[in-house]
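Reviewing the structure listed below.
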Amino acid sequence: QVQLVESGGGLVQAGGSLRLSCATSGLTLSNYGMGWFRQAPGKEREFVAAVSRSGVSTNYAESARDRFTVSRDNAKNTVYLQMNSLKPEDTAVYYCAANLWSISYYYTAYDYWGQGTQVTVSS
């Protein structure tokens with residue numbers, strides 16, 4: 001049974017940092033491109049960042065570029081999202097997702113999802 005479990009969310013002031021983790025089980029992580037998405041109340045789920053199977057290639061949404069860093073440790077079956085210089089508009093539930101073989105900007109391309117972790121940034 002495949003499981004993705006996010007952690008590390010919380011309440012932080014604007015300008016602060018958080019590091020999200022996505023612990024995976026039931027799959028061979030090195031076979032999966034991994035993505036981070038977020039969804040704010042009343043809004044559609046949006047792409048944040050993705051990392052290729054080896055970790056060599058990364059993609060970012062314009063809103064995350066230069067502030068967020070996605071990485072992975074296949075030996076630990078874990079994917080990370082380091083978020084710096086957080087803004088109130090970053091407030092959302094953050095989800096990690098697994099896509100067999102590749103990465104994508106589109107949430108429909110992903111095969112497995114975590115339950116999400118809440119990030120709230122106060123002004």
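The values are calculated or read from the model by the stated rules, or taken from the named source; none is laboratory data. All of these numbers come straight from a predicted model, not from anything done at the bench. Ideal geometry is used to build each Cβ from the backbone, glycine not excepted, and the neighbour counts take in all protein chains shown. These accessible areas exclude ligands, DNA and RNA; they are computed on the full protein's heavy atoms, side chains included. Shrake-Rupley method; radii C 1.70, N 1.55, O 1.52, S 1.80 Å.
Return a yes/no flag: does region 79-92 have any residue that is of a type in the set (D, E), under 13 Å from the mean Cα position of the chain (by Cα) and within 22 Å of S7 (Cβ to Cβ).
Looking through region 79-92, at least one residue is of a type in the set (D, E), under 13 Å from the mean Cα position of the chain (by Cα) and within 22 Å of S7 (Cβ to Cβ).
Listed here are the residues, each with its yes/no results for (1) in contact with a Phe, Trp or Tyr (Cβ under 7 Å, 6 or more places away or on another chain); (2) without any contact (Cβ under 8 Å) to a residue 40 or more places away in the chain.
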{"position": "G16", "(1), (2)": "no, no"}
{"position": "S21", "(1), (2)": "yes, no"}
{"position": "S25", "(1), (2)": "no, no"}
{"position": "A49", "(1), (2)": "yes, yes"}
{"position": "S57", "(1), (2)": "no, no"}
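Give the residues of region 92-123 that are outside any strand (DSSP E or B) and open to solvent by 40 Å² or more (accessible area, probe 1.4 Å), sorted by residue number.
Hits for region 92-123 are W101, S102, I103, Y105, Y106, Y107, T108, D111, Q115, S123.
Would it be correct to say that Y95 is within 24 Å of T120 (Cα to Cα) and at pLDDT below 95?
No, not satisfied.
Restricting the search to region 1-52, which residues are more than 11 Å from the chain's Cα centre (by Cα) and among the hydroxyl-bearing types (S, T, Y)?
Matches in region 1-52: S17, T24, S25, T28, S30, Y32, S52.
Out of (1) out of contact with any helix residue (DSSP H, G or I) (no Cβ under 8 Å at 6 or more places or on another chain); (2) farther than 19 Å from N84 by Cβ, the odd one out for R45 is which?
Among (1) out of contact with any helix residue (DSSP H, G or I) (no Cβ under 8 Å at 6 or more places or on another chain); (2) farther than 19 Å from N84 by Cβ, R45 violates only (1).
Could you please let me know if G35 is within 20 Å of A109 (Cα to Cα) and modelled with pLDDT of 95 or more?
So G35 passes the test.
Find the residue count for region 57-72, including only residues that are in a loop (DSSP other than H, G, I, E, B) and crowded, with 17+ Cβ neighbours inside 10 Å.
Result for region 57-72: 1.
Residues that are over 19 Å from A75 (Cα atoms) and either open to solvent by 20 Å² or more (accessible area, probe 1.4 Å) or of a type in the set (S, T, Y) (or both): which strands (runs of 3 or more DSSP E) entirely in region 1-56 hold 3 or more of them?
Filter on region 1-56 gives 10-13.
Do we find a residue being in a strand (DSSP E or B), open to solvent by less than 60 Å² (accessible area, probe 1.4 Å), under 18 Å from V119 (Cα atoms) and touching a helix residue (DSSP H, G or I) at 6+ places or on another chain (Cβ under 6 Å) anywhere in region 73-87?
No, the conditions are met nowhere in region 73-87.
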